[in-house]
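*Asks:* Please see the structure below; I have some questions.
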Amino acid sequence: MWRRTVVPSPGRSALWLLVIVLLVACTPVAAPGGAPATGDTGAATGPVEIRLASYGLGDAWNKALEDTIQPFMDENPNIQVKIEFRPIDGYWDKLQTEYAAGTAPDITINQMNWVVPGAARGMFVDLQPFIDRDQIDMGAYFYPMEPEWGWQGGMYGGLLYAGGQALYINKDLLAEAGLDFPADDWTWDDMLAYARQLTDPDNNQWGIHMSPLNVPYWSTSFIHGMGGTVLNETNDQCTLTGEEARAGLQFVADLIFAHNVMPSPSSLQGQENPFLTGKVAIYFGGTWQEGQIREAGFDWDFAHMPANATTGIRRVQMGSNAWSIISTTQHQEEAWQVVKFLMGEGGQRGMMKNGVPGLTSVVESQEYRDLHAPQNIEVLWSDFANYGHDYYPTPDTDEWWTAVGQELSAIWSGEATVEEATERACEAIDEIFSRRPAEWTR
């Protein structure tokens, strides 16, 4: 179940790219968060232009956003939305500079590592008063926004879409081996049995492949499956040295070195993803790779994440992107109307080709299923809803993700034991956390 009882972006994978930069000092102060702003930031009497900024993610994605916004403008002729597509590199840097200068757009795409630094300095508008005023039913979303977009009682983003871990199965390879598709309740033991039968060293064929592998990506599911965690509940201390976390990482390492059913990341450097070339049967990948896989030319489908047979735990990693209003806007009400549309049914349907919609009514719709047919997309989003775990979002995400990746990579290359690598990883992570500004406390 979702963390807090504890979710593209990405190292640097599609929408999940994370960029941390130093904060710019001497910035404007946000409007009070207790109620929707009034006065200069209230509704205008004539047509207004709302600048909406986003990094571009390719022609198809950009056009989808434009097509999604057009019906809103048709229904609201007093609001014209001007979309500004920007390079992803340096996006957050530029946005902070514009905010300090008072030239920022009205709305921006947002990431989980930007929201707390921005909210703490008054950069983003608290949407909770608008949500309360307009009686937005947050229970209509299967994807909870608070873990990533909430801060000190406020809500600083309206959901764009979710994405994360997907388990892809090459059905052609299963058929060649005379194997049935995995059962919904399959276990790690079952997965290993499949992988052994599907690995063929003479033909460079592998039973399993995971990419990205490092924490907080797909190896994390096995940490959780053993009952371990990466960080503590308050996300301010590394827990990778715990017995359960180490056992989860050891299970993954054994797939490479003990069972020989999974290639090491270093052995694949410079090569095309072997799942796309039909050389992997069971692939732990990202939702953002579905389009590539559809063009790969073999029969495949989504499978449920297997459970640890001993603990009974199954987990998948997931996260989201959102739209946020910049506090320097002179048109807060109109900007909210745009965000409300984008996080509502119109926006969720418009962008559902590019991510998992957060509204239950949309994700359960036949239209959404048909977009992904003949594959069963319900498997993917039901795992998100029932077994989803966030990426441990923190304001210093990029820094500690880089540090943990550097240390854990030594496990997959055989250069360090799990105990050695996790000890060094926790030392690096905890040092990063010790430098956090006090105002970043959630």
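Values in this text are rule-based calculations from the coordinates and carry no lab data. Because the structure is predicted, anything quoted here is derived from the model rather than measured. Note that each Cβ is placed from the backbone with ideal geometry, even for glycine, and that neighbours are counted across all protein chains shown.
*Asks:* Grab the beta carbon distance between residue 101 and residue 439, set R0 = 25 Å, and tell me the FRET efficiency rounded to 0.05.
*Replies:* For residue 101 and residue 439, the calculated efficiency is 0.70.
*Asks:* Multiply the residue gap between residue 84 and residue 236 by 0.36 nm, knock off their C-alpha separation, and tell me the result in nm, one decimal place.
*Replies:* Going from the current span to full extension adds 51.2 nm.
*Asks:* Residue by residue, what Karplus-based ³J(HN,Hα) values in Hz, rounded to whole numbers, does segment 193-206 have, using 6.51, -1.76 and 1.60 with θ = phi - 60° and x for Gly and Pro?
*Replies:* 5, 4, 4, 5, 6, 9, 8, 9, x, 4, 10, 6, 10, 10
*Asks:* Hey, fewest Cβ within 10 Å first, where do 202, 93 land in order?
*Replies:* If I rank by nearby Cβ atoms, fewest first, I get 202, 93.
*Asks:* How do 298-309, 184-195, 347-358, 115-126 rank on mean C-beta neighbours within 10 Å, highest first?
*Replies:* Top to bottom by mean Cβ count within 10 Å: 115-126, 347-358, 298-309, 184-195.
*Asks:* Something else: Suppose the chain between residue 353 and residue 410 were pulled fully straight at 0.36 nm per residue; how much longer would it get relative to their current alpha carbon spacing?
*Replies:* Length gained between residue 353 and residue 410: 16.9 nm.
*Asks:* Between residue 189 and residue 427, what FRET efficiency comes out of the Förster formula 1/(1 + (r/R0)^6) with R0 = 60 Å and r the beta carbon distance, rounded to 0.05?
*Replies:* The calculated FRET efficiency here is 0.95.
*Asks:* Say R0 is 51 Å: what FRET efficiency, to the nearest 0.05, do residue 94 and residue 176 get from their beta-carbon distance?
*Replies:* Efficiency at R0 = 51 Å is approximately 0.50.
*Asks:* 7 Å from Cα along Cα→Cβ at both residue 296 and residue 260: what's the point-to-point distance in nm?
*Replies:* About 2.4 nm, to one decimal.
*Asks:* Any idea how far apart residue 133 and residue 272 come out in nm if each label point goes 7 Å out from Cα toward Cβ?
*Replies:* Placing both labels 7 Å beyond Cα along the Cβ direction yields 5.4 nm.
*Asks:* Calculate the length of the line joining the C-alpha centroid of segment 226-273 to that of segment 397-442, in whole Å.
*Replies:* For segment 226-273 versus segment 397-442, the Cα centre distance is 13 Å.
*Asks:* With mean projected area of the Cα convex hull in nm² defined as stated, name the option among (1) 22.0; (2) 28.4; (3) 20.5 computed from the structure displayed.
*Replies:* Of the listed options (1) 22.0; (2) 28.4; (3) 20.5, (3) comes from this structure.
*Asks:* Ranked from highest to lowest mean number of other Cβ atoms within 10 Å per residue, what is the order of the peptides 314-321, 74-81?
*Replies:* Highest to lowest by the protection proxy: 314-321, 74-81.
*Asks:* Can you work out the Karplus-derived ³J(HN,Hα) for every residue in segment 283-299? Use 6.51 cos²θ - 1.76 cosθ + 1.60 with θ = phi - 60°, whole Hz, and x for glycine or proline.
*Replies:* Result, ordered by residue: 10, 8, x, x, 4, 5, 8, 4, x, 4, 5, 4, 8, 7, x, 9, 7 Hz.
*Asks:* May I pose another question? Along Cα→Cβ, 7 Å out, is where each label goes; now give me the distance between the ones at residue 367 and residue 203 in nm to one decimal.
*Replies:* Placing both labels 7 Å along Cα→Cβ, they lie 4.2 nm apart.
*Asks:* Here is a follow-up. Report D for segment 277-375 in µm² per second (integer): Stokes-Einstein, Kirkwood Rh on Cα pairs, 4 °C, 1.567 mPa s.
*Replies:* 78
*Asks:* Where does each of 53-59, 424-430, 370-376 land if you order them by average Cβ count within 10 Å, highest first?
*Replies:* 424-430, 53-59, 370-376
*Asks:* Could you bin all the Cα-Cα distances of segment 164-318 into 5 Å bins starting at 0 and give me the percent of pairs in each, rounded to whole numbers?
*Replies:* Here the calculated profile for segment 164-318 is 2, 9, 19, 23, 22, 14, 7, 3, 1, 0.
*Asks:* Here's another thing I want to ask about it. Specify, per residue and in Å³, the volume enclosed by the convex hull of the alpha carbon atoms belonging to segment 33-173.
*Replies:* Taking only Cα atoms, segment 33-173 has a hull volume of 174 Å³ per residue.
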